[in-house]
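This report refers to the structure that appears directly beneath it.
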Amino acid sequence: MTSDEIRQLYLHFFENKEHKILPGSSLVPHGDPTLLLTSAGMVQFKQYFLGEPLPPGYPPRLTTCQKCFRTTDIDVVGDTKHLTFFEMLGNFSIGDYFKKEAIAWAWEFVTQRLKLPKDRLWITIYLDDDEALGYWLEQGVPADRIKRFGEKDNFWGPAGEMGPCGPCSEIHYDYGEGVGCGKAECAPNCDCARYLEIWNLVFVQYNQDRSGKRTPLPRPHIDTGMGLERVTAVMQGKTIIYDTDVFAPLIDTICWLGGVERGKSEEQDKALRVVAEHSRGIAFLIADGVVPSNEGRGYVLRRLLRRAAVFGRRLGLDRPFLTEVVQEVIDQMGHTYSELDNNKELILKMVAMEEGKFQQVIEAGLNWLEKSFTQAQEQEKKEITGVEIFNLYDTYGFPSELTAEISRERGFSVDIEGFKSEMERQREKARAAHKFALSEERAKLIEKTDDFLTRLAPTRFTGYESTSCTAQVLSLIVEGKEENAVSEGQEVEIVLDQTPFYAEMGGQVADTGEIIGDKGVITVEDTRWGRSNIVVHRGKVTRGVFFQGEAVTARVEEGRRLDIARNHTATHLLQAALRHVLGNHVQQRGSLVTPDRLRFDYSHLLTPSPEELAQVQSSVNKWVRQCLPVKGLSMSYKEAVTKGAMALFGEKYGETVRVLKIGEPAVSQELCGGTHLNSTGEIGLFFIVNEGSIGSGLRRIEALTGRGAEAHVQGRLSVLVSLMKELQATSENATDKLADLHSELIQERKHAQALERELSGKTAESLKSHVETVDGISVLASRVSVSSPEVLREMGDRLRDDLKSGIVVLGTLLNDKPSFLTLVTPDLIKRGFNAADIVKSVSKIAGGGGGGRPEMAQAGGKDKEKLDEALNSVKAIVQEISRKLEKKT
């Protein structure tokens, strides 16, 4: 049977058992930032196991073929059985049937549909699961072929940090005594190749929290998983999954590309397996919206790409090749997974770009490693240190995992803990360098303040409902000390029992405003979060006095708050528009929301076209004009995820979260604690002012809304009006007039260039009289006046050709900075003279540098006053080079 036939047979078998066939979910778990990637079939049903009602039309019996990815096996892929990406066939019961039916149907499928010999099958159960034992015995499985194991082997879950879990029972296929370790004690939990687990039946009975505590679920459920690749190996009589129809076409393609054959060496076979396996993962991760980066899911993808590229070199593939293998993945699996065909162009472009960038890293990194191995052997050292691993990573971007893997293959141990220490040291330096310009003294004061504030209750935030409220002063802090009263002119930090002031968080800047008491006013300049969820207002007493314990009015600067809210609500619309125009792979990677502007960082590998950016801007403004309602809703995290709210990966969310919903039905739905408008219409106008790359796979948009956008557009219109006046044009003919003027300027420029070339020819002719002889070599070093590097090169070419044999060094001022050109004739290059060496020495005197080829080189400088001095040094430089060459000879 082919893998396609097995997939269909399984799904239709359970369809006949009243299961609804559902499509598998994305590899990127929707709305679950605690889970890196979908690692099991039950991930999309997690909330139903925990008690959420099933959607209308969903029966309690479901079946899927789920694409899965497990990062734990990346480093061991290359053996005969481990995979990162795989397909998991599963049948699920949401509070309907339980152990009896799950066991009976599993046995029916493997023995009657797949027709596997019963004497080849072994069963494992959890240590004390006598109920499961009884049901297996009812199916006629001999008691001596049922083995009991503990949690390590027969307890599953949860998927992620917390969630449903329970004991499990597995079906193993026995390849026979001729395969594997051959030990008498060999059993289905042995790591050898004799037994292959093909199906895991999980009896979901518990919910595990973050602390590891398990509580029984109200109703038990069934979650099973049959690895398609594994059962295909069994059905096709293969002991190695890479010998099946799942991988054979990919390995054939790789063999053809590298000009190698399978079975010639274990090292080559391992490389073939790595490239084939990772190519599948690469294609599916990109198809589901993952972009290469240095963190999270993006780093998993980057690791696969780089590991595949390194192992490809072991097959002689020292040029980019992965697009051709990934193309084969798309051709082979696109009929089953339409996302591969739909995103084909994006997948191939992304692979080509990432592999192309890594080629130079591979070359440099492998050469560096070879030198390290040689040095270590000379010193009789058998370890690659953490510092060496870090230097390779820091200098070339060579992944530490690859360094470790290659080193171990060469017989060296690796100090990964030392590498982690070096990385942490670098992060500490970065953190110190990027503190918010806080002085050490200020940082100590904040630390001291926060220490004694922990005795206070958390501050209640009222800013969602209003921009002002009455409050009580709980604490007044001056220079790290708590005071009973403060007076005019003093800098103070003030804590209230409740506040409308938003403290900086999630990219949104803090509110400013006033705190007004009976006898004084504090102007609030900043608001921050202290420890224990306490809001600390920092400001200055601008009038009167304040006392601890008094009642005050806290009032946010409303116009500024509204400007911030316009920009913040617009960021949510911007993300929705980017995903709509560029694709659902777009994810927020950072933001800054101020009163003046918004900045939005997002994942996307390619540069958006002007048309795409215009479409994004148009989409946002369309939603603005529709005056969509904006609602902040408080709900449980579980409910938010179930309703499809977007969450930032890696963020830690509490049990209760705030969901910002825009539109009905929702145009955008995100977890967000910031302050927003009541309607999109209040944004007024959205205008993109800049878009660009800020790193590999990361891009940034800067935009304006409301008053800022209006001022920006007005400024541009003013410039256009001024230009039209200068052109004596109207809006109808301004473009034509500008084109005519441009054409005239081009003609004038050509004429000026022709005159300058004629003049430079005459100048070159006159310079011949300045040629001097240095150690038998004709040398011309002179200052000239030209308008461009092109004219300088033309002048230099003419002088070199006229000299026949010699060295030419010309210096000039371009944009008020020194610029040098050096040319050397072929006969002197053969003797060892090099234009690049000469120009570096000359330009160094003027505070610059440069380079080029032996026959011609250019350089710049910083100090125009040193131009003549640099040119006067040419004779001495040529003389020194000449003498060194003579000594060599």
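Structure values in brief
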item: Rounded tilt (10° steps) of 3-15 against the dominant C-alpha axis of the chain; result: 50 degrees
item: Selection of chymotrypsin sites (Phe, Trp or Tyr not before Pro), the stretch 178-276, meeting DSSP coil and at most 14 other Cβ within 10 Å; result: none
item: Length-normalised contact order for the stretch 84-198 - Cα pairs under 8 Å, 6+ apart - percent; result: 23 percent
item: Accessible area in square angstrom per residue, the stretch 109-157, 1.4 angstrom probe; result: 54 Å²
item: Surface accessible to a 1.4 Å probe, per residue, for the residues of the stretch 742-889, Å²; result: 57 Å²
item: Cα-based helix-to-principal-axis angle, 440-453 vs the chain, degrees rounded to 10; result: 30 degrees
item: Rough spin-label spacing in nm, given labels placed 7 Å along Cα→Cβ, for Glu482 and Ser778; result: 9.0 nm
item: Packing-based order for 678-687, 114-123, using average beta carbon neighbours within 10 Å, highest first; result: 678-687, 114-123
item: For Gly517, net neighbour charge (Lys/Arg +1, Asp/Glu -1) across residues whose Cβ lies under 11 Å away; result: -1
item: Correct choice for log10 I(q)/I(0) by the Debye sum over Cα atoms at q = 0.08, 0.10 Å⁻¹ that was computed from the model, options (i) -0.84, -1.14; (ii) -1.02, -1.27; (iii) -0.93, -1.14; result: (ii)
item: The stretch 783-798-the stretch 41-86 distance, computed between alpha-carbon centres (Å); result: 68 Å
item: Karplus-derived 3J(HN,Hα), 6.51/-1.76/1.60, for each residue of the stretch 814-821, Hz, glycine and proline x; result: 10, 6, 6, 10, x, 9, 10, 10
item: Peptides 827-836, 504-513, 260-269 ordered by average Cβ neighbours within 10 Å, highest first; result: 504-513, 827-836, 260-269
item: Estimated distance in nm for a label pair at Thr470 and Lys382, the labels positioned 7 Å out from Cα along Cα-to-Cβ; result: 7.9 nm
item: Fraction of accessible area attributable to carbon and sulfur, the stretch 675-758 (%, probe 1.4 Å); result: 54 percent
item: Of all accessible heavy-atom area on the stretch 3-62, the percent that carbon and sulfur account for (1.4 Å); result: 53 percent
item: Within the chain: Cβ-based charge dipole about Cα centre, in debye rounded to nearest 20 (Lys, Arg +1; Asp, Glu -1); result: 880 debye
item: Karplus (6.51, -1.76, 1.60) ³J(HN,Hα), θ = phi - 60°, over the stretch 128-134, in Hz, Gly and Pro reported as x; result: 10, 8, 5, 5, 4, 4, x
item: Partners for Lys638 among lysines (Cα-Cα distance below 27 Å; same-chain residues under 8 apart left out); result: Lys20, Lys46, Lys67, Lys213, Lys652, Lys661
item: Dipole of the chain [Lys/Arg +1, Asp/Glu -1 at C-beta], most positive-end residue of Phe686, Leu11, Ala577; result: Phe686
item: Residue-averaged 222 nm ellipticity for the chain, from DSSP H runs of 4+ at -39500 (n - 2.57), nearest 500; result: -13000 deg cm²/dmol
item: Cross-link pairs beyond the 31 Å C-alpha cut-off, checked among Lys844/Lys888; Lys115/Lys344; Lys270/Lys381; Lys238/Lys349; result: Lys115/Lys344; Lys238/Lys349
item: Highest-first arrangement of 556-564, 476-484, where packing means the average Cβ count within 10 Å; result: 556-564, 476-484
item: Å² of accessible area per residue within the stretch 267-344, as computed with a 1.4 Å probe and no ligands counted; result: 30 Å²
item: At R0 = 35 Å, FRET efficiency that the Cβ-Cβ distance of Ile829 and Ser618 yields, to 0.05; result: 0.05
item: Between helix 400-409 and the chain: long-axis angle, C-alpha atoms, 0 to 90°, nearest 10; result: 70 degrees
item: Mean Cα-pair separation over length for the stretch 480-638, i.e. relative contact order, pairs under 8 Å, 6 or more apart, %; result: 20 percent
item: Euclidean distance of C-alpha centroids, the stretch 804-877 and the stretch 183-217, integer Å; result: 72 Å
item: Accessible carbon and sulfur surface of the stretch 575-670 relative to its total accessible area, %, 1.4 Å; result: 48 percent
item: Computed magnitude of the charge dipole of the stretch 1-85 (debye, nearest 20; Cβ of K, R +1, Cβ of D, E -1); result: 180 debye
item: Positive-end residue of Gly263, Cys192, Pro216, charge dipole of the stretch 174-287 with Cβ unit charges; result: Pro216
item: Lysines whose Cα lies under 22 Å from that of Lys737, excluding same-chain neighbours fewer than 8 positions away; result: Lys725, Lys750
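The values are calculated or read from the model by the stated rules, or taken from the named source; none is laboratory data. All of these numbers come straight from a predicted model, not from anything done at the bench. When we count neighbours, we look across all protein chains shown, and the Cβ atoms used for this are built from the backbone with ideal geometry, even at glycine. Remember, those area values only see protein heavy atoms, side chains included, never the ligands or the DNA or RNA. Shrake-Rupley method; radii C 1.70, N 1.55, O 1.52, S 1.80 Å.
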